[in-house]
1. Hey, Val194 hits all of (1) farther than 24 Å from His322 by Cβ; (2) touching a His at 6+ places or on another chain (Cβ under 7 Å); (3) in contact (Cβ under 8 Å) with a residue 60 or more places away in the chain; (4) hydrophobic (A, V, I, L, M, F, W, C) but one; which does it fall short on?
2. Where in the range 217-326 are the helices (runs of 4 or more DSSP H), entirely inside, with at least 2 residues that are of a type in the set (Phe, Trp, Tyr)?
3. Would you point out the residue of the range 32-81, among those that are closer than 21 Å to Trp135 by Cα and of a type in the set (Gly, Ala, Ser), that is nearest to the chain's Cα centre (by Cα)?
4. If I ask for residues that are among the β-branched types (Val, Ile, Thr) and either over 17 Å from the mean Cα position of the chain (by Cα) or modelled with pLDDT under 95 (or both), which ones from the range 119-165 would you list?
5. When you look at Asp80, is it crowded, with 23+ Cβ neighbours inside 10 Å, touching a Leu at 6+ places or on another chain (Cβ under 7 Å), modelled with pLDDT of 95 or more and within 14 Å of Val57 (Cβ to Cβ), yes or no?
6. Whether any residue in the range 295-309 is modelled with pLDDT of 95 or more, of a type outside the set (A, V, I, L, M) and out of contact with any Pro (no Cβ under 7 Å at 6 or more places or on another chain) is what I want to check.
7. Can you tell me which residue is farthest from Gly321 (Cα to Cα) among those in the range 247-262 that are free of Cβ contacts under 8 Å to residues at least 60 places away in the same chain and surrounded by fewer than 22 Cβ atoms within 10 Å (Cβ to Cβ)?
8. If you take the residues in the range 103-154 that are of a type in the set (Ser, Thr, Tyr) and over 25 Å from Glu313 (Cβ atoms), which one is surrounded by the fewest Cβ atoms within 10 Å (Cβ to Cβ)?
Amino acid sequence: MDRRDLLAAAGIAGPLLPLAARAGTAPSAGPVQPDASFDLWPGDAPGLRDRNFQDHVVVRNPDPAFPDRAMDHIRTPRLDVFRAKNPNGAAMLVIPGGGYARVVVDKEGYELAPWLAARGITAFVLFYRLPGDPWQNPSNVPLADAQRAMRLIRHQTARWHVDPRRVGAMGFSAGGHLCADLATRFGRTVYDPVDAADAQDARPFVAAPIYPVVTMDPDFAHMGSRTLLIGKDPAPDLAAEHSPERQVSAQTPPCFLCHAEDDTTVPIRNTIALHAALKAAKVPAEAHLFEQGGHGFGWGPRTQGKPAHLWPELFLAWARGHGLLG
């Protein structure tokens, strides 16, 4: 199913992916969709190798009460916007995961974005290009999209009632890697400027890698993400460049981290290594290690009744202390 087929099946028109979302943990009474959506790049994204390549959506659970959809090919990276109900000037770039093989839509995107919007934070869900698709410089296309997204948000702050200084980033699993990559390599040149938006700063005000893939060290990397991003046998300097724990500097923004100890997909050592690197660089950082939660717990039924379910509230309290909410 491609994006157009998904829209037709849902019986709506327009550029958005309609989804049912949860308010709290109860099923939604009807479909929820973003308030707006816009592409990251004018025309095709840079470095497209195959003009026949198209967006593609996989519906993994068709139940509209508990949807599970993912994009496993992305030709047109974009931001879907959930406007804050009562804007406080803060914004978050929300980066879903998917092992760099896909970008999930519901659990780590459309589920959390309304939660942020209800608390005054305008949320921008990023659908970023995947390194396994036909792009030049594939290992850097996710970062190029994340940098471009931050710059576009800041370029359009008047439109969204956002303070350009208070734009953070949050990512999950492989999206957590991209969030940490953005937090450490925000100034790296990975694409040529295309318009005035690219004069903006790509550094997040705060960053929140959640159960993140971090290292490219094969001893405790998530090997699926590693292989797709940098190949099976990368040169040591390429592996180091894409290991955020090795790219932390004094300019890295404050970071909020959380991970479950029973995560059998992405070893908790990823978060521990990143936290240690942040502390060594004297970057403000807070880490929460939950006993239970597994991998990909997002904010939903998997953690209902467990401490890990409270991580968004912990993040909000931490972010308030660092000035995100003004």
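1. The single condition Val194 does not satisfy is (2).
2. By residue number, 311-321.
3. Ala70
4. Those that are among the β-branched types (Val, Ile, Thr) and either over 17 Å from the mean Cα position of the chain (by Cα) or modelled with pLDDT under 95 (or both): Thr157, Val162.
5. yes
6. no
7. So in the range 247-262, the residues free of Cβ contacts under 8 Å to residues at least 60 places away in the same chain come out as 250, 257-262.
Next cut, surrounded by fewer than 22 Cβ atoms within 10 Å (Cβ to Cβ) only: 250, 261-262.
On the way: Ala250: 19, Glu261: 26, Asp262: 29 Å.
In this case the residue turns out to be Asp262.
8. Ser139
The values are calculated or read from the model by the stated rules, or taken from the named source; none is laboratory data. This is a predicted model, so every value here is computed, not measured. Cβ: placed from backbone, ideal geometry, glycine included. Neighbour counts: every protein chain shown.
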